[in-house]
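Read through the structure below, which is laid out as structure tokens, and then see the notes.
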Amino acid sequence: MSHNHPIIADLNWRYATKKFNPELKISAENIEIIKESLRLTPSSFGLQPLKFLFIETPELREKLKEKAFHQTQIIDASHLIVLCVNKKIDYNYVDQHIENTATTRGHEVSSLLGFSNHVKNFIDNRDAEIISTWNSNQAYIALGQLLHTCANLRIDATPMEGFDPDAFDEILDLRKDNLQSVLVCPIGYRAEDDKYGQLKKVRKSLEDLFETR
Ligand SMILES: Cc1cc2nc3c(=O)[nH]c(=O)nc-3n(C[C@H](O)[C@H](O)[C@H](O)COP(=O)(O)O)c2cc1C
């Protein structure tokens with residue numbers, strides 16, 4: 001039965017963890033896998049307008065918790081990831097991506113001119129707000145990939161929108177680097193007494209969710 005597939009087992013195992021065991025830390029090896037998974041996240045045109053901040057400093061974590069409705073996962077989880085986007089996607093940014101593509105694949109930059117113009121044209125035709133939403137959407141793809149990677153490693157995670165992004169940007173001094181926080185994801189190991197870990201998953205039925213036309 002498809003429900004016995006390891007992917008489905010991963011997805012049933014995970015839940016949005018409310019309480020972490022602060023004593024349990026993720027191994028360096030697993031952190032490497034998680035970073036590589038985030039690096040491999042697909043993005044529109046491959047631009048990866050993303051930066052993933054791992055926040056280790058306890059004082060910073062304490063300050064961030066204050067601006068995240070005091071959610072204790074921010075300080076108790078083994079690792080805290082803040083998913084950020086680049087605010088400035090300009091010609092220079094696109095040129096860097098083109099150069100990376102050329103170097104990686106052994107092409108001449110000139111052979112990628114059509115693609116480069118296409119991306120620049122896409123950017124030119126959209127105002128800053130649309131570009132900002134577009135960038136944020138890329139962060140959500142990374143979050144989805146992160147959640148499944150963690151579940152496969154049997155590492156708990158909490159996807160979080162419940163925080164004040166402006167305050168996070170201030171505390172982490174992100175503006176000087178043209179970065180903006182979009183999502184937060186504490187990762188680690190669940191506390192045994194986190195009652196949310198025992199709850200049945202609430203999901204729509206297949207009939208409600210799918211339709212064939
Ligand atoms: C984008 C996003 C933001 C979320 N923000 C929070 C949050 O700030 N705090 C929290 O405890 N849970 C948060 N959640 C968890 C959801 O409430 C949870 O994923 C949903 O109820 C489904 O339950 P499950 O993930 O345990 O299966 C968020 C989930 C997503 C996908």
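The values are calculated or read from the model by the stated rules, or taken from the named source; none is laboratory data. Here the structure is a predicted model, which is why all the values come from computation and not from measurement. With ideal geometry, Cβ positions are generated from the backbone for all residues, glycine too; neighbour counts draw on all protein chains shown.
The set of residues in the range 65-107 that are in contact with a Pro (Cβ under 6 Å, 6 or more places away or on another chain), of a type in the set (A, V, I, L, M, F, W, C) and farther than 16 Å from Ser181 by Cα contains only Ala77. Quick one: in the range 169-205, which of the residues that are β-branched (Val, Ile, Thr) and away from the ligand (no atom under 11 Å from the Cβ) is surrounded by the fewest Cβ atoms within 10 Å (Cβ to Cβ)? So, considering only residues that are β-branched (Val, Ile, Thr) and away from the ligand (no atom under 11 Å from the Cβ), the one surrounded by the fewest Cβ atoms within 10 Å (Cβ to Cβ) is Ile171.
Quick check on the range 1-54: of everything there that is in a loop (DSSP other than H, G, I, E, B) and within 16 Å of the ligand (Cβ to nearest atom), which residue is surrounded by the fewest Cβ atoms within 10 Å (Cβ to Cβ)? Across the range 1-54, the extreme among qualifying residues is Lys18.
The single condition among (1) surrounded by fewer than 17 Cβ atoms within 10 Å (Cβ to Cβ); (2) under 25 Å from Gln71 (Cα atoms); (3) among the β-branched types (Val, Ile, Thr) that Thr212 does not satisfy is (2). For the range 183-201, check the following and say yes or no: at least one residue is at negative phi, in contact with an Asp or Glu (Cβ under 9 Å, 6 or more places away or on another chain) and part of a helix (DSSP H, G or I). Checking the range 183-201: at least one residue is at negative phi, in contact with an Asp or Glu (Cβ under 9 Å, 6 or more places away or on another chain) and part of a helix (DSSP H, G or I). For the range 80-94, taking the residues that are outside any helix (DSSP H, G or I) and either over 19 Å from the mean Cα position of the chain (by Cα) or under 14 Å from Asp156 (Cβ atoms) (or both), the one that is modelled with the lowest pLDDT is identified as Asp90.
Per the listing Ile74, Ile55, the residue uniquely over 24 Å from Glu192 (Cα atoms) and touching a helix residue (DSSP H, G or I) at 6+ places or on another chain (Cβ under 7 Å) is Ile55. Among the residues making up the range 130-145, none is within 14 Å of the ligand (Cβ to nearest atom) and over 18 Å from Val184 (Cβ atoms). Does any residue of the range 103-118 turn out to be within 24 Å of the chain's Cα centre (by Cα), more than 16 Å from the ligand (Cβ to nearest atom) and surrounded by 14 or more Cβ atoms within 10 Å (Cβ to Cβ)? No, because not a single residue in the range 103-118 is within 24 Å of the chain's Cα centre (by Cα), more than 16 Å from the ligand (Cβ to nearest atom) and surrounded by 14 or more Cβ atoms within 10 Å (Cβ to Cβ).
The number of residues in the range 116-159 that are of a type in the set (Asp, Glu) and in a helix (DSSP H, G or I) comes to 2. Checking each residue in the range 55-79 for being in a loop (DSSP other than H, G, I, E, B), more than 30 Å from Ile89 (Cα to Cα) and in contact (Cβ under 8 Å) with a residue 24 or more places away in the chain picks out Phe69, Gln71, Thr72, Ala77, Ser78.
Residue check: Gly162 meets all listed conditions (1) within 10 Å of the ligand (Cβ to nearest atom); (2) in contact (Cβ under 8 Å) with a residue 40 or more places away in the chain; (3) outside any loop (DSSP other than H, G, I, E, B) but one, namely (3).
Checked across the range 22-30, the condition of being touching a Leu at 6+ places or on another chain (Cβ under 7 Å) and either over 21 Å from Glu161 (Cα atoms) or modelled with pLDDT under 95 (or both) holds for at least one residue.
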